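Below is one structure; the comments refer to it alone.
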Amino acid sequence: MDGTPGTLPRRGLLAAGAALVVAFSLRNEAEAQEKPVPTSGPRPVPLGRAESFLAFHRDGRVEVFTGKVDLGTGIRIAIMQMVADELDLPLSRVSLIEGDTDLTPDQGPTWGSLSIQVAGAAIRQAAATARHHLLARASAHLGVPAANLIVLDGNVHPRVGGASVSFAELLGDAPLALAVDREAPRKRAADYQVVGKSIPRPDVPGKVTGTHTYMQDLRLPGMIHARIVFPPAVGARLVSLDEGSVRGIPGVLRVLRRESFIAILAEDEWAAIRGHDTLRAEWTRWEGLPEQAKLYETLRAGPFAKTDTAGAKGDAAAALGTSARRFEATYDFAMQSHASMGPSCAVAQWDGRRMTVWSATQATHWTRLEVARMLGLEQPQVRVLYLDGAGCYGRNGHEDAAAQAALIAHILAGTELAGRPIRVQWMRADEHGWDPKGPPTLIALKAGLDASGNIAAWSSEYWIPQTTELAPIENLALSFAGIAQKTVINPGNIHNNAVPGYEIPNHLATLHRLTEPPLRASWIRSPGRMQNAYAIEAFMDELAHAAGADPVAYRLRHLKDERGAAVLRAAAEKAGWREGQAAQGPKDDAILRGRGVAYARYEARTYIACVAEVEVERASGKIRVTRCVVGHDCGQVINPDGLANQIEGQVVQTVSRTLIEEVTFDRSRVTSLDWASYPILTFPDVPKVEIASIERQDEPPWGAGEMAAVVIPPAVSNAVFDATGVRMRSIPYTPEKVRAALAGRA
Amino acid sequence: MATDVALTVNGSARTVRVEDPQTPLLYVLRNQFALNGPKYGCGLGQCGACTVLVDGEARRSCSLPAAQAAGRAITTLEGLGTPENPHPIQKAFISEQAVQCGYCINGMIMQSAAFLAKNKAPSEAEIREALKDNLCRCGTHVRILAAVQRAASDMGRG
Ligand code: FES
Ligand code: FES
């Protein structure tokens, strides 16, 4: 070996005088993560305290602590912008620490597009509280009424000039100690300096030059490379293991086994991979998965943990019976993978008293709880630190890899390998095969129109996995090792957006919650909301068509919410939508063209609309989405370019999910294990994206990380109908399905 | 059989010992040179995350045995530029903020570097074609296209 394998140049990167873990942008994060304890001692973390979120330093810097993490979404800079404005500080003096269970408050997993709306708002209120408090102290110090003071660059000045005092001087040696005051006045939008501006992200220069330390890049001295040997079938158990089969591979340290959990441990990464590929093991047969061809019949058949109602108004059944015209349709949405570009990875180290885990998890605190419970430790004995991974769009394999690394490190206690950091890196097939999936969803809809074509009744049934509080996502470390599941992470509120966001006098939404989804289910970007909105908005299009109405006008007829209507109009206008124009493209050409619209309000938050334009190749059945115009109102916009980046990403990713993506499986296991068998959208097929963003700076900010996604599948679907005259109802819209649909019509 | 391999990486010559001459270049660059630009995405030559330049050609380092790279000029993302002094393509990616998670971006930039060396004034369609085997899960494509176009025009001007 050439010296110590790839240790990072650590010491040299410490900026002189930087006593604390600091500015995200200024230092190597591996360094920050490795020696992350501020000199000021353990951090307070209660959610109701300003000092949990903010640390004021003598040199005028302010550190922000958040339990949310930046999964490539830009929340890092956005939260810094919010704090800088609230405290009247230049952005260069604000830095951010995220996702470290020793240092950051537990603000819940980074999910549901709540980082700005909830976590950011909490931090903003803490900053407002601190500012208010510091102004009061400055007033006493300077003998000037607070109303006559202004803050410039962290210094408090009398409005009329004269002696000033800095935040740092006001605090002296006593750190901030302050309950968050919910009533503390916040700045007015008109006074913002950086909120509302497209400030570049601090992580981008490092990411484009190879100097940003990702989870996968963390190398600690003495680190052991581990590869997990996954079972050949979802429920297979290990019968026997031939350790001798890997003995000849130089660098392999040992094969670790606990029940059906197997890890190859090696000094060198390639040796671990060779061991992984070479190991001979015998497993039990297992064929417990449903037949893929009958997947949706399986969903319909149950069994169900419960059947309940997501929303009801009036008497849908009776109104359906008396409607002038009745319609029904069944939609389904395929099982999909997160398919993150970088397979899951984690490093864990057990020093005999404490377990430290580095992970790209979106849920550092929950992961701490899972690891602690798995090992029978108290939570404070476990520290989980976030490092950026490849984008994850929900709970993928990170939490499994984190627990696997911790389990290995713990098992090695007392051996000659004790105390060494363990790096678990999944292989591509592990990620595609074993990440928990976006569950397949079946949705049956019925509606009745009155004599004037308006919707009089609507009823919907959803076949979905159990959700919140009912069914936690099992952690593979525990299931393989035969440890009873003690997990706390569940698939989220996937029944949200099950009720159409229109004025409908009678409606009923029924949820059939499956006892067991076919494969581990989790949330993937806009979980449930996307599937539900797809069916609702495609069906809405069917009704508009039946009523002989323009799809935009028909939606507006049923939409009383002015902000919603404004977003729909904005998208339609930007797209050049003309009522009644080109309802269906020419159909005898080799290429059929169409456009479609969809609208939704994500929960009781962000409004979104999309106009999509498509081309359908008649012979091949291939759909190309050529243009998507997105209308978006998430209230106050913190960073417009960050918002645009998120919307563009959602359009491309969701077009991919709409047209291409479906997990395949046989009775034993997932069979779409690489990018050839689970392809995603590539450059030649990427649509143009245009955005009509309605900024409402005086309103509170809502989420934007997964809202636009919900309108993409129905907008594309409706455009395909517009182009072909054929209504497709099963995602993904692969060329085979399109050809079959076109043939059926002909 | 442990083997010594003489590599020229980002302009400096270095000899490394690998236990297996089939060890992919990716792991040598990452673990022995601490060059983290190239990323492990699939190990199958399917995604492009591991792309480096070998004698100016874009190659998938996950599928290239280190021994086969001996004696050839290897350039990684780090060899193009630094945060302080970025290469025009890196600069264009910063200007366009053409990153979400950024895990794929090494491949996007390295593939573009090889491509722009041959085609100095590409159309958007040509860029799409050149990057068609580089995958991005975050959907950053729209910005990546803009960044590569910007880089082409900046480099043409420079
Ligand atoms: S990691 Fe080399 S092509 Fe995917
Ligand atoms: S930016 Fe995340 S994979 Fe491309």
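Here are some notes:
- When peptides B:136-149, A:494-507, A:593-606 are ranked by their average number of other Cβ atoms within 10 Å per residue, the highest-first order is B:136-149, A:593-606, A:494-507.
- Averaging the sequence gap over all C-alpha pairs within less than 8 Å and six or more residues apart, then dividing by the number of residues, gives chain A a relative contact order of 13 percent.
- Computed from the alpha carbon atoms alone, the convex hull of segment A:632-746 holds 145 Å³ per residue.
- Under the span-like rule (Cα at least 18 Å along the axis, Kyte-Doolittle mean at least 0.0), DSSP H helices of chain B: B:105-118, B:141-157
- As a proxy for reagent exposure, A:MET374, B:MET108 were ordered by neighbouring Cβ count within 10 angstrom, fewest first; the result is A:MET374, B:MET108.
- Each stretch of four or more DSSP H residues adds -39500 (n - 2.57); spread over every residue of chain A, this sum gives -8000 deg cm²/dmol at 222 nm.
- Here the residues A:PHE304, A:PHE65, ranked from fewest to most Cβ neighbours within 10 Å of their Cβ, fall in the order A:PHE304, A:PHE65.
- Here's the list of lysines a cross-link from A:LYS622 could span, going by alpha-carbon distance under 29 Å and ignoring same-chain residues fewer than 8 apart: A:LYS294, A:LYS437, A:LYS574, A:LYS587, A:LYS688, A:LYS737, B:LYS132.
- Positive-end residue of A:TYR733, A:THR367, A:GLY621, charge dipole of the protein assembly as shown with Cβ unit charges: A:GLY621
- Taking every C-alpha pair closer than 8 Å and separated by at least 6 residues, the mean separation divided by the residue count of chain B gives a relative contact order of 23 percent.
- Note on B:139-151: average number of Cβ atoms from other chains within 10 Å of each residue's Cβ is 5.
- Using the Cα coordinates of segment B:88-157, the gyration tensor eigenvalues translate into equivalent-ellipsoid semi-axes of 17, 13, 10 Å, sorted from longest to shortest.
- Computed over chain B, the P(r) tail beyond 28 angstrom holds 19 percent of alpha carbon pairs.
- Peptide A:637-645, shielding by other chains (average Cβ, 10 Å cutoff): 2
- Spacing of the two label points (7 Å from each Cα toward its C-beta) at A:HIS132 and B:GLN22, in nm: 6.7
- For segment A:176-245 versus segment A:94-141, the spacing of their alpha-carbon centroids is 19 Å.
- What you get for segment A:505-646, charging only the Cβ of Lys and Arg (+1) and of Asp and Glu (-1), is a dipole of about 200 debye around the Cα centre.
- Only one residue of A:ALA566, A:ALA533, A:VAL382 has its Cα farthest out toward the positive end of the dipole of the protein assembly as shown, where Lys and Arg carry +1 and Asp and Glu -1 on Cβ, and that residue is A:ALA566.
- Taking a ≥ b ≥ c as the square roots of the eigenvalues of the Cα gyration tensor, chain A is oblate, since a/c reaches 1.5 or more and a/b is not larger than b/c.
- Under the convention that each Lys and Arg Cβ holds +1 and each Asp and Glu Cβ holds -1, the size of the dipole of the protein assembly as shown around its Cα centre is about 200 debye.
- Normalised contact order of segment A:350-469, rounded percent, pairs of Cα under 8 Å and 6 or more residues apart: 22
- Shielding by partners, peptide B:27-39 (average Cβ within 10 angstrom, other chains): 6
- Size of charge dipole - chain B - debye, nearest 20, with Cβ of Lys, Arg +1 and Asp, Glu -1, no other charges: 180
- Farthest toward the positive end of the dipole of chain A, out of A:ILE694, A:ILE262, A:THR73, is the Cα of A:ILE694, where the dipole comes from beta carbon charges about the Cα centre.
- Listed by Cβ neighbour count within 10 Å, with the fewest neighbours leading, B:LYS132, A:LYS737, A:LYS207 appear as B:LYS132, A:LYS737, A:LYS207.
- For segment A:329-339, 3J(HN,Hα) per residue [Karplus equation, 6.51 cos²θ - 1.76 cosθ + 1.60, θ = phi - 60°, Hz, x = Gly/Pro]: 7, 10, 10, 9, 9, 5, 6, 9, 9, 4, 6
Only the coordinates and a few stated rules stand behind these numbers; no lab work does. The model shown is predicted, which means the values in this text are computed figures rather than measured ones. As a convention, Cβ positions derive from the backbone with ideal geometry for all residues, glycine included, and neighbour counts pool all protein chains shown.
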